[in-house]
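Everything on this sheet refers to the single structure shown next.
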Amino acid sequence: MRLPALPPRSAWLPLVERALAEDVGSGDVTSDAILEPGAAGSALVVARQPLVACGLDVAEAVFAAVDASLTIERLWNEGEARERNLPLLRARGSLRSILVAERTVLNFLARLCGVATFTRRFVRAVEDTGCRIVDTRKTLPGWRVLDKYATAVGGAENHRMGLYDAILVKDNHIAAAGSVAKAVAAVRANAPPHLRLQVEVESEAQAEEALAAGAEWLLLDNRSPAELRALAERFASRALLEASGGVTLETVRAVAETGVHRVSVGALTQTAPNADVALDADVALDVEPGGGSGA
């Protein structure tokens with residue numbers, strides 16, 4: 001699988017900065033009390049469950065933002081799936097700095113590895129059907145570029161990034177316009193012509209109306225497998241068909257086998273469980289409270 005490009009640092013580095021600011025505040029009072037300023041060592045960031053590695057560049061950026069002198073060794077490849085209890089990264093240098101970065105590193109990795117791992121399960125569930133898994137805009141506020149990067153690392157395709165880069169005529173637009181045909185005509189007359197046009201339809205009659213008006217991409221929301229199969233038999237050769245609405249790991253295969261081309265799944269970013277990752281020092285900390293040395 002070809003990995004997606006990491007979003008530009010300018011799109012997500014402010015998240016790193018804000019996360020560190022809220023966690024560190026005026027300083028790590030615990031580590032400062034226990035560790036001497038010059039205490040050095042190393043630690044491993046470890047996966048404690050099977051997961052797809054995602055966000056390693058972001059984790060490295062967190063360490064660098066805390067202390068640019070830290071040395072980070074990458075032990076997995078981005079997008080690689082492995083079993084539990086294997087290290088992702090090794091950090092070497094100031095122990096104070098490593099522990100300051102710890103929680104923020106783990107928060108980013110838990111979210112991104114979790115989304116990528118959950119997405120990979122959906123992608124594998126529809127293997128050999130010819131159907132593709134697509135993400136949605138149901139992302140963590142402020143995290144869209146990273147959430148959608150993680151779904152792509154997991155093997156899904158990105159839907160529109162926002163309201164600005166594609167046209168999706170939904171039920172509320174249709175109700176406001178008065179009909180599918182009127183809504184599509186308004187888009188054709190007023191929206192930039194280079195943008196993709198997708199129309200949500202709820203029946204074969206609406207699908208025919210949308211296609212007659214010039215739509216080439218239909219969204220079939222909250223349709224049963226039987227309804228999807230009937231729509232696919234009639235329209236799959238005339239338009240790109242995307243099913244959506246309440247799709248789970250248990251149901252996605254049945255939806256994909258109806259003949260639709262894509263299945264959009266909000267759960268990829270809305271309900272993906274965080275991955276279980278941890279940071280473990282792999283050296284003995286030979287200092288006592290107050291900075292003294294001891295056994």
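When D165 is tested against (1) within 30 Å of F122 (Cα to Cα); (2) touching a Ser or Thr at 6+ places or on another chain (Cβ under 8 Å), only condition (2) is not met. Residues in the range 202-228 that are surrounded by 18 or more Cβ atoms within 10 Å (Cβ to Cβ), assigned to a helix (DSSP H, G or I) and of a type outside the set (S, T, N, Q): A207, E209, A210, L211, A213, L228. Tell me whether the range 72-94 contains one or more residues that are surrounded by fewer than 16 Cβ atoms within 10 Å (Cβ to Cβ) and of a type in the set (V, I, T). Checked against the condition, which is being surrounded by fewer than 16 Cβ atoms within 10 Å (Cβ to Cβ) and of a type in the set (V, I, T), the range 72-94 yields no hits at all. Being touching a His at 6+ places or on another chain (Cβ under 7 Å), more than 30 Å from R121 (Cβ to Cβ) and not charged (D, E, K, R) is the requirement here; does A189 meet it? No, not satisfied. Of all the residues in the range 249-270, those that are without any contact (Cβ under 8 Å) to a residue 60 or more places away in the chain and part of a loop (DSSP other than H, G, I, E, B) number 4. Remark: Y164 falls outside the filter, which requires a residue to be crowded, with 24+ Cβ neighbours inside 10 Å and under 21 Å from the mean Cα position of the chain (by Cα).
Restricting attention to the range 236-248, the residues that are surrounded by 18 or more Cβ atoms within 10 Å (Cβ to Cβ) and not in a loop (DSSP other than H, G, I, E, B) add up to 4.
For beta carbons closer than 7 Å, sequence separation of 6+ or different chains, a first residue in the range 114-137 that is closer than 15 Å to S264 by Cβ and a second that is among the basic types (K, R) and assigned to a strand (DSSP E or B), the qualifying pairs are C131/R262; R132/R262; V134/R262. Of everything listed in (1) assigned to a loop (DSSP other than H, G, I, E, B); (2) touching a Leu at 6+ places or on another chain (Cβ under 8 Å), the single unmet condition for L168 is (1). Considering the range 271-286, and only residues there that are closer than 17 Å to G93 by Cβ and assigned to a strand (DSSP E or B), the residue that is modelled with the highest pLDDT turns out to be L279. In this entry, G114 is excluded by the filter for residues that are farther than 27 Å from L228 by Cβ, part of a loop (DSSP other than H, G, I, E, B) and not assigned by TED's automatic domain parsing to the domain that holds D221. Condition first: crowded, with 20+ Cβ neighbours inside 10 Å, over 27 Å from Q270 (Cβ atoms) and of a type in the set (A, V, I, L, M, F, W, C). Can you find one or more residues in the range 171-180 that meet it? Yes, that holds for at least one residue.
The values are calculated or read from the model by the stated rules, or taken from the named source; none is laboratory data. What you see is a predicted model, and the numbers here were worked out from it, not measured in a lab. As a convention, Cβ positions derive from the backbone with ideal geometry for all residues, glycine included, and neighbour counts pool all protein chains shown.
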